[in-house]
Amino acid sequence: MTAETATGQARATPGGPAEPGTRRRLSFPDRTASYGIWLAVITHIVLHDRRFQAAVVTGIIGTYALASVIKNNQARPVRRAVAWYNVQSQAQDTKMLHRGPRTPKPDQR
């Protein structure tokens, strides 16, 4: 009453060690624990680095300043354009007042 085995299949145990060169897939709780450990290590390293903290604070301040500049540029473009044209026309009127009206000379057209 012994089980016969085919040649090349000597006593393979189900769920036994994997073939050399392959990795065993971890179960979900094991993977979760592994990811948690890596996250804790990286967080510890990064958050205790003063240069990283300074870079993050500088980035946040720069992002806020850039966002406010973009917002202000989009808020009043029409008013800004009208004011620019008004200044240009006032400058043109001032030049005309200082020069006087230009009348062509009789020999020029």
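All of the numbers you see were taken from the coordinates with simple rules; none came from a lab. Just so we're clear, the structure is a prediction, and the values are computed from it rather than from any experiment. A quick note on method: Cβ atoms are made from the backbone with ideal geometry, for glycine too, and the neighbour counts reach across all protein chains shown.
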Problem set entry | Full-stretch length increase - ILE45, ASN73 - with 0.36 nm per residue and alpha-carbon distance subtracted | 6.1 nm
Seminar exercise, completed: Under the 7 Å Cα-to-Cβ spin-label approximation, ARG24 and GLN53 lie apart by a distance in nanometres of 4.3
Exercise. If you take the beta carbon distance between VAL82 and ILE60 as r and set R0 to 30 Å, what does 1/(1 + (r/R0)^6) give as a FRET efficiency, to the nearest 0.05?
Worked result: 0.25
Exercise. Ordered by residue, what ³J(HN,Hα) values in Hz, to whole numbers, does the range 61-67 give under the Karplus form 6.51 cos²θ - 1.76 cosθ + 1.60, where θ = phi - 60° and Gly and Pro are x?
Worked result: 5, x, 5, 5, 5, 5, 5
